[in-house]
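Below is one structure, written out as structure tokens, with a few remarks after it.
The values are calculated or read from the model by the stated rules, or taken from the named source; none is laboratory data. The structure displayed is predicted, hence computed values, not measured ones. Here the Cβ positions follow ideal geometry from the backbone for every residue, glycine too, while neighbour counts run over all protein chains shown.
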Amino acid sequence: MASATGIPQQPPAGRGDEESEPLLGRPGDASQKPAASIAKNLILAPFPSPSTKGRGSASATEHQSGVRAYSYGISSLHEATPTCPSRHLQQCNRLPSARNTMAKLMYSSGTGVVAEAGGLLLVASVWAAVFLHPPYILFSVHPLAQSFGLLVLIQSILIVQPTVTAEQKKVGQKLHAGLNFLALASFIVGVGSIEYKKIRSNGAHFKSPHAYIGVVTSIWQILQYLVGFTMYGTPQVYGGEAKAKAIWKYHRISGYGLLLLYMAAVTSATKTD
């Protein structure tokens, strides 16, 4: 069943599971709790809690491959006993507590933390590289705006993925749309700044793989936003609400592909003069 937002409700077991399951884990492993703040979705785990699954196991019958690897790691955190030289005994005695703390943190939050950390580290490294190395020129706007836009784009994905109830989905959809608009605006500023610089200085276009990837990514981003907006706001464009809702799973897959393309753009930028 699909909600009024066009985002399907969490389906019963069956073929529909593929549409609601997280990238790591099974359907229901990453779901917003009824009374939980939607802000927690930004760090929500696609892993069962320790109260229902125990400390973790390497058993293939309990988890899918991604979850199995994580579970095995958590088990290792609890069970491993280091060999300590006597002169470092006090420090080593603290290790089990540190392991337990890390395990609890990952269980209580989840892989959203990893995505957040990656986005924040990217922004921190890019902004530090710009502001710690003056002078500040028109080109400086490009990496600042693009890295900020990518961080916001990550938030837009994390905020909507775990929603379950119709009310949660309505709130999540609005936040998803708003964050995507902010990300798109930031990307437009970033692309506009570099294009204006090239035009003003008669610079050559498409001199690197980064430029080609950037153009493809920008077009994809605009199309992705237009499809998402019209799917919810003007479903008649697709022949009615039911047909518009059916597009959601493709919109979701396309969004993940777009995020990967942005990663490629970031990577290629490090090899560009």
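On the basis of being farther than 25 Å from residue 43 by Cβ and touching a strand residue (DSSP E or B) at 6+ places or on another chain (Cβ under 9 Å), does residue 242 make the cut?
Judged against the criteria, residue 242 is a match.
Restricting 174, 197, 249, 170 to residues that are over 27 Å from residue 34 (Cβ atoms), surrounded by fewer than 19 Cβ atoms within 10 Å (Cβ to Cβ) and of a type in the set (Lys, Arg) narrows the list to 197.
Within the stretch 246-273, residues that are more than 17 Å from residue 227 (Cβ to Cβ) have Cβ atoms under 6 Å from residues that are not in a helix (DSSP H, G or I) in these pairs: 272/208, counting only partners at least 6 apart in sequence or on another chain. Within the stretch 204-217, the set of residues being among the hydroxyl-bearing types (Ser, Thr, Tyr) and crowded, with 17+ Cβ neighbours inside 10 Å comprises 217 only. Being touching a Pro at 6+ places or on another chain (Cβ under 7 Å) and at pLDDT 95 or above is a property that holds for residue 268. Criterion applied to 124, 177, 128 was being among the aliphatic types (A, V, I, L, M), in a helix (DSSP H, G or I), without any contact (Cβ under 8 Å) to a residue 12 or more places away in the chain and farther than 22 Å from residue 264 by Cβ, and the one residue passing it is 128.
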